[in-house]
1. Here's a check for you: in region 167-188, which residue that is out of contact with any helix residue (DSSP H, G or I) (no Cβ under 6 Å at 6 or more places or on another chain) and not in a helix (DSSP H, G or I) is surrounded by the fewest Cβ atoms within 10 Å (Cβ to Cβ)?
2. Can you tell me which residues in region 20-39 are under 21 Å from TYR140 (Cβ atoms), modelled with pLDDT of 85 or more and either surrounded by 16 or more Cβ atoms within 10 Å (Cβ to Cβ) or small (Gly, Ala, Ser) (or both)?
3. For residues that are over 19 Å from the mean Cα position of the chain (by Cα), loosely packed, with under 12 Cβ neighbours inside 10 Å and not in a helix (DSSP H, G or I), tally how many sit in region 77-115.
4. So VAL43 passes all but one of these: (1) out of contact with any His (no Cβ under 7 Å at 6 or more places or on another chain); (2) open to solvent by less than 10 Å² (accessible area, probe 1.4 Å). Which condition number does it fail?
5. Go through region 116-140 residue by residue and tally those that are closer than 29 Å to LYS37 by Cβ, buried (at least 17 other Cβ atoms within 10 Å of the Cβ) and without any contact (Cβ under 8 Å) to a residue 60 or more places away in the chain.
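The values are calculated or read from the model by the stated rules, or taken from the named source; none is laboratory data. Quick caveat: nothing in here was measured; it's all calculated off a predicted structure. Cβ coordinates were reconstructed from backbone atoms using ideal geometry, including for glycine residues, and neighbour counts include every protein chain displayed. Each accessible area value is taken on the protein alone, full model and side chains, heavy atoms only, with ligands, DNA and RNA left out. Shrake-Rupley method; radii C 1.70, N 1.55, O 1.52, S 1.80 Å.
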Amino acid sequence: MKHTYEVAGMTCNGCKSSVEKAISNLRGVDKVEVDLKKRSVSVHSEKPLPSEYIQSVLPEKYAISDLDMANLDGTTKSELKQLKPLFLIFAYISMAAIGLHYKSWDWNAFMLDFMGLFYIVFSFFKLLDLKGFPESFRMYDPLAKAFPAYATIYPFIEVALGLLFLLRVQIPLALVATIVILGITTVGVTRTLLSKKAIKCACLGTALKLPMTKATFIENTIMIVMATIMLLG
């Protein structure tokens with residue numbers, strides 16, 4: 001059985017050899033194929049191996065995640081189940097934003113609080129792993145690919161934007177920044193979806209392993225539409 005994993009942190013043939021050798025020594029592994037360009041490794045074994053098991057034999061600089069998003073019994077999770085954490089977070093953010101204004105409803109205030117909470121919550125998950133997030137983010141964000149340092153400071157940019165929205169400070173600036181930043185990311189997400197590559201979405205950092213799907217595109221689009229409506233209004 002062939003099972004594919006993403007390996008963040010591989011940058012050269014030395015890395016490729018190191019990863020290949022470490023995984024090949026695991027019990028139950030028949031063959032290992034490392035693709036440096038795609039930053040992936042295909043493991044041929046009798047049954048799929050947990051990514052945590054493989055991670056345990058790799059040096060700390062490498063972070064492995066399951067590209068196939070499969071259960072240990074070999075059955076693939078449905079897209080809805082994979083994205084359950086994302087939907088729950090959206091639901092909680094929406095309920096919190098509605099709760100702040102249900103007595104005296106104001107669409108503008110609701111959207112500002114929704115966007116503020118969105119940035120604060122999503123930045124929290126990215127900040128949980130400041131080493132692993134940039135690697136995942138650079139795999140699809142065009143600006144992060146061109147300027148690696150951007151991927152490192154991105155979670156802090158989200159924190160700053162979240163505070164601007166919640167505190168009602170420099171709103172026009174925050175709206176323009178939202179359209180530009182999420183617009184660039186959406187371009188990368190769209191390219192990934194069209195190429196049908198199986199990579200991990202970094203929207204919730206590395207704490208939760210989510211696949212890149214249409215839901216990621218929709219998530220960014222909602223924020224861009226909200227920001228555009230507010231800016232034009």
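1. This residue is VAL169.
2. Correct list: VAL34 only.
3. 5
4. Going through the list (1) out of contact with any His (no Cβ under 7 Å at 6 or more places or on another chain); (2) open to solvent by less than 10 Å² (accessible area, probe 1.4 Å), VAL43 breaks only (1).
5. Result for region 116-140: 2.
Yes/no per residue for (1) aromatic (Phe, Trp, Tyr); (2) more than 28 Å from LYS38 (Cβ to Cβ); (3) modelled with pLDDT of 90 or more; (4) more than 14 Å from the chain's Cα centre (by Cα):
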| residue | (1), (2), (3), (4) |
| --- | --- |
| LEU163 | no, yes, yes, yes |
| GLN170 | no, yes, yes, yes |
| THR178 | no, yes, yes, yes |
| THR186 | no, no, yes, no |
| ALA198 | no, no, no, no |
| CYS201 | no, no, no, no |
| GLY205 | no, no, no, no |
| MET223 | no, yes, yes, yes |
